[in-house]
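Take a look at the structure set out below.
Nothing in this text is a laboratory measurement; each read-out follows from the coordinates by a stated rule. Everything numeric in this text was worked out from a predicted model, so none of it was measured. Using ideal geometry, Cβ is built from the backbone for each residue, glycine included, and neighbour counts are taken over all protein chains shown.
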Amino acid sequence: MSDLGFNKIAFCVLGTGLMLIGLNEASHAFFHVEHHEKDAYFIEVPDAPAGGGGAVVEEGPRDLGALLAAADPVAGKEVAVKCQQCHKFEQGAEALQGPPLFGVLGRDIASLSLPGLKYSTGPGSLTELEGNWDYEKLDHFIENPKKFRPATAMNYLGVKKTTDRMNLIAYLRTLTTGEPLPLPAPLPPQAAAVPAEGAVPTDPSAPAQGEAGAPAPATATPAPAAPAQPAPAQPAQH
């Protein structure tokens, strides 16, 4: 091969390499790439607002009466399958890791005395919680046991979906030898706001100011000024 042919081949290889390097650098100019110590997917999360933590959403009272009235005990029995590792559901059953759940609704909290069953003790435990298992306590405990009673020995993460939780409670309600625990009454409609002291009561049937059909507030129109009367002519002084 002549020197001229070799030079042509070398020039083509060198030119191709330079072009690839140029394209690589150009791509870095258009696309920003961050390199991290560990291989992982990087998801950018916006910073929390000043003051610490995100906004806290306050939950209003749950209408357990309406939710449980619409619940399905048959579907709740399917949800209860995930509880069978730690609980039994038959009448007179022994304890597993947790107490049997037959007759749990209306039963005094941490009240069973069975071989091998030990309730957690101390602040934040079930033994420090007074009363019985009503619908509200059972709902919050099933949703998140550790949040409801931080010292509980129950390590289950909870049933987060409201529909599943209501179906499960409706199923537990059927596990009794007597009358099931009465359902709670539905919550009443939100009461009307009480006017502040000193406020002038208004007709509740009248549309509120600013709503469609509400008359615009009347604006006082100044009365037209009376025309000036010419002063009487004074007789000439001599």
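What single numbered condition from (1) out of contact with any Leu (no Cβ under 9 Å at 6 or more places or on another chain); (2) surrounded by 15 or more Cβ atoms within 10 Å (Cβ to Cβ) fails to hold for Leu114?
(2)
Does region 79-97 hold any residues that are assigned to a loop (DSSP other than H, G, I, E, B) and either in contact (Cβ under 8 Å) with a residue 12 or more places away in the chain or of a type in the set (Phe, Trp, Tyr) (or both), and which are they?
Of the residues in region 79-97, the ones assigned to a loop (DSSP other than H, G, I, E, B) are 84-97.
Gln85, Cys86, His87, Lys88, Phe89, Glu90, Gln91, Glu94, Ala95, Gln97, listed by residue number.
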